[in-house]
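Here is the structure we will look at.
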Amino acid sequence: MRIRVWIAVMFLVLANTVFGVGADIHEQVAPTSTQDQAQDTARAQDTTRPKASSKTLKILPSDVRVLIDISGSMKKTDPQNLRKPALDLIVRLLPDKSRAGVWIFGNDVNMLVPHNTVDANWRKQAAPNAKKINSIALYTNIGKALDEVSFDRKNLSQDYKTHIILLTDGVVDISKEAVDNIKERQRILTDVLPGLKNAGYIVHTIALSADADTDLLKKISVATDGVFTTAHSADELTSTFLKIFDQAVPAERVPLENNGFLVDDSVKEFTALIFRKPGVEKTVILAPDGKEYSATNPQDGINWYRTSQYDLITADTPKAGQWKIKTEITPQSRITVVSNLQLVMQSLKNNIHSNDSLALNYSFQENNKTVTNVDFLNLLETNVIIVKEGSKENTALTLEMPAPPADGIYHQSLSSFAEVGDYEVHVYVDGKTFKREFKHSLSVRDSLLTVNKSNSTAADGKITYSYKVSADEKLVNLSKTKLTAAVKNSKNNNSDRELELIDGNHWEFAFSPEQTAEYHISFHALGEMVEGDEFDESVNAETFSYQEKAIQVKPPEPVAPTKVETPAPVKLPTSTPDVGSNKVLYVAIAVGNLLIIALGYFAYRMFFGSKVKDELAELEKTLTMDAKPGTAKVADKNSSGKMKINLNEEKPANIPMNEATSMDTLFPLDDMEDET
């Protein structure tokens, strides 16, 4: 009897374990409701649904600081004082919320227009002050001028992109003693220039004479990634200033095509700068409704400013549609707009080396949010025209992508800069109902560094990228030059390494990428030229994508299934939740435990079967013995002839079991703990 109780208890414990495990599994992997599953599936399949971009190209407002040479030599190089109208135009074109100031210098440096935030009051003060420019100063103290204009170099604001525009016609001239002038020039290169670069200023320089120190001006601009240009005569000052202004204060434009331009519904204001051809007295524009304008019209929001060279026309809330210009105009003319739908172009490099590529990163922003709508982006067509100064041929490109970028930001590059020289890059975006243009000027020059590259692949598939960097020993003092290799990748895992000069004439660098990313390799040289001038140059060596190879895991050999006779399936309680594919797991666990019970029972029979038989035989012998008087165990047969056994007064049979073979020892249920 006790054996049966033990078996029953064991069965209950195992059953509790089975369903307890099932409950635990259900808690961990219980599927969501049918509605939730449907929503998840729909989201996974909806690949065309536009998402809000988590990235936004941020274009900082400009801080423009203009330095104008007023030394006595300017009387010859700018006899008509065309610096005045050139500066006047810049003042009028500066956008609101930018910052600006104007300084004049000779031996001393004086502020002509206070450095402040640009607004209507600032322009009102700046315009008349531009007329005070003269040519009466002694000397040309370029170093002091740069020191004064960079007054905040120790804590330059990161909320603005700060540009310095330096106009001069001469050389460093602070004394009658040549030695003093040489020392000052060297101070500019070794002290002033590194300070400007490290602080983050971009210095653009304009030489207004063939006698200007163009070598110094170039070095200042190139080191700070500014633009150097020459105005070959005072007549070119306005267009030269305008070219530099476009670099310092890039503005959104609409294309000017066939003397017309398209204004879409998003445009809140346009500014038309129209340069007339010689002999043309005034400009006439035609609105989409056919109305003509040639002067200020406050009722229609038209404001007009005219000089002998150009017309500057501003229209507030202009009518949408095609506008026409009924005047012969020059190529310098442009239409800039203020719009709720902006083409935002990340700042481009002003100086690159031959065969380098120019990275274009741009997006459209509507109300300051990046547009990611796939239907909108699919309509965009982007074309680029690259114009090399002095060349009659232009390069036209169509930029294509397999699909619009998910974050709305386009990343493309231009590589049509094999020859040294000055270039203009025009980017045109046609959105069918609107058009935008972006213009950029840059200089392409030879590098002092030459990079030879190669790569090799090992037997295990590991790729090693190798570079050999050299320079012309006739130009560069290699022993006084430090070269640093920089590795950057799109996972922001970057590293720099200073290289050792090998054999006195070159440097070598090799590395193997370890993670999937886009890599950019560059080298930075800081040293001396043979003639003693310091140089600071960077060169882009290579940009490539690396795909980490997945580790191939050999699948296990298939095992032939063993045919097992499966008992009848166990029906789970109706209260068990529907867990889909886990039901099979529960049934398998239950069947397995039943098999364990059966095996336990057979093991018990195997170990104790013979002893139990002996005990049962002894019990039978006892029952069949002749009873003593008063204690008879066998009664007379009943009427049916069957024997009746009366055990009411008999003591229980004594089945001897020693301690080693007791059931408590073999099946210690009282000491078992439920693992569940």
For this session: Return yes or no: is ASN110 free of Cβ contacts under 8 Å to residues at least 12 places away in the same chain, of a type in the set (S, T, N, Q), touching a strand residue (DSSP E or B) at 6+ places or on another chain (Cβ under 6 Å) and more than 25 Å from PHE270 (Cα to Cα)?
Result: yes
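Among the residues that make up segment 451-470, is at least one of them farther than 25 Å from PHE544 by Cα, exposed (fewer than 15 other Cβ atoms within 10 Å of the Cβ), among the acidic types (Asp, Glu) and modelled with pLDDT under 90? Reasoning before the result, please.
Step one: filter segment 451-470 for residues farther than 25 Å from PHE544 by Cα, giving none.
No, there is no match, as no residue in segment 451-470 is farther than 25 Å from PHE544 by Cα, exposed (fewer than 15 other Cβ atoms within 10 Å of the Cβ), among the acidic types (Asp, Glu) and modelled with pLDDT under 90.
Do we find that LYS439 is surrounded by 15 or more Cβ atoms within 10 Å (Cβ to Cβ) and either in a strand (DSSP E or B) or more than 28 Å from the chain's Cα centre (by Cα) (or both) in this structure? Before the answer, list the steps.
On the way: surrounded by 15 or more Cβ atoms within 10 Å (Cβ to Cβ): yes; either in a strand (DSSP E or B) or more than 28 Å from the chain's Cα centre (by Cα) (or both): yes.
So LYS439 fits the description; yes.
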Problem set entry | Among residues of segment 377-406, those that are surrounded by 17 or more Cβ atoms within 10 Å (Cβ to Cβ) and either assigned to a loop (DSSP other than H, G, I, E, B) or among the small types (Gly, Ala, Ser) (or both), counted | 2
Seminar exercise, completed: Scanning segment 212-225 for residues that are free of Cβ contacts under 8 Å to residues at least 40 places away in the same chain and over 35 Å from the mean Cα position of the chain (by Cα), the one surrounded by the most Cβ atoms within 10 Å (Cβ to Cβ) turns out to be THR214
For this session: Name every residue in segment 179-200 that is in contact with a strand residue (DSSP E or B) (Cβ under 7 Å, 6 or more places away or on another chain), assigned to a helix (DSSP H, G or I) and in contact (Cβ under 8 Å) with a residue 24 or more places away in the chain, in order of residue number.
Result: LEU189, THR190, LEU196
For this session: Name every residue in segment 147-158 that is among the hydroxyl-bearing types (Ser, Thr, Tyr) and loosely packed, with under 15 Cβ neighbours inside 10 Å, in order of residue number.
Result: SER157
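Among LYS84, LYS75, which is the only one that is at pLDDT below 95, of a type in the set (D, E, K, R) and over 27 Å from ALA251 (Cβ atoms)? Give the steps one after another, and end with the answer.
Values: LYS84 fails: over 27 Å from ALA251 (Cβ atoms).
The conditions single out LYS75.
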Seminar exercise, completed: Restricting segment 125-146 to residues that are in a helix (DSSP H, G or I) and more than 41 Å from the chain's Cα centre (by Cα), the one surrounded by the fewest Cβ atoms within 10 Å (Cβ to Cβ) turns out to be PRO128
For this session: Can you confirm whether segment 155-178 contains a residue that is assigned to a helix (DSSP H, G or I) and either of a type in the set (Gly, Ala, Ser) or within 43 Å of the chain's Cα centre (by Cα) (or both)?
Result: yes
Seminar exercise, completed: Per the list (1) assigned to a helix (DSSP H, G or I); (2) at pLDDT below 90; (3) surrounded by 19 or more Cβ atoms within 10 Å (Cβ to Cβ), residue check on SER209 breaks on (1)
Exercise. Does ILE352 count as surrounded by fewer than 18 Cβ atoms within 10 Å (Cβ to Cβ) and either over 18 Å from the mean Cα position of the chain (by Cα) or not in a strand (DSSP E or B) (or both)?
Worked result: no
Exercise. List, please: which pairs have Cβ atoms under 9 Å, are six or more places apart or on different chains, and start with a residue in segment 445-460 that is in contact (Cβ under 8 Å) with a residue 40 or more places away in the chain and over 19 Å from THR484 (Cα atoms) and end with one that is among the hydroxyl-bearing types (Ser, Thr, Tyr) and surrounded by 11 or more Cβ atoms within 10 Å (Cβ to Cβ)?
Worked result: ARG445/SER354; ASP446/SER354
Problem set entry | Residue among VAL227, VAL284 that is under 29 Å from ARG65 (Cα atoms) and either of a type outside the set (Asp, Glu) or at pLDDT 95 or above (or both) | VAL227
Problem set entry | Residue ID - nearest to ALA251 (Cα to Cα), chosen from residues in segment 316-366 that are of a type in the set (Gly, Ala, Ser) and touching a Ser or Thr at 6+ places or on another chain (Cβ under 8 Å) | SER339
For this session: Write out, first by first residue and then by second, each pair whose Cβ atoms fall under 9 Å of each other, whose residues are 6+ apart or on separate chains, and whose first residue, in segment 54-74, is over 16 Å from LEU237 (Cβ atoms) while the second is modelled with pLDDT under 85.
Result: none
Seminar exercise, completed: Checked segment 94-124 for anything touching a Pro at 6+ places or on another chain (Cβ under 9 Å), surrounded by 13 or more Cβ atoms within 10 Å (Cβ to Cβ) and not in a strand (DSSP E or B); matches are PRO95, SER98, VAL118, TRP122
For this session: Give SER454, SER447 a once-over and let me know the one that is assigned to a loop (DSSP other than H, G, I, E, B) and hydroxyl-bearing (Ser, Thr, Tyr).
Result: SER447
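The values are calculated or read from the model by the stated rules, or taken from the named source; none is laboratory data. Note that the coordinates shown come from a computational prediction; the quantities given were computed from them, not determined experimentally. Counting neighbours? That spans all protein chains shown, and the Cβs are built from the backbone with ideal geometry, glycine included.
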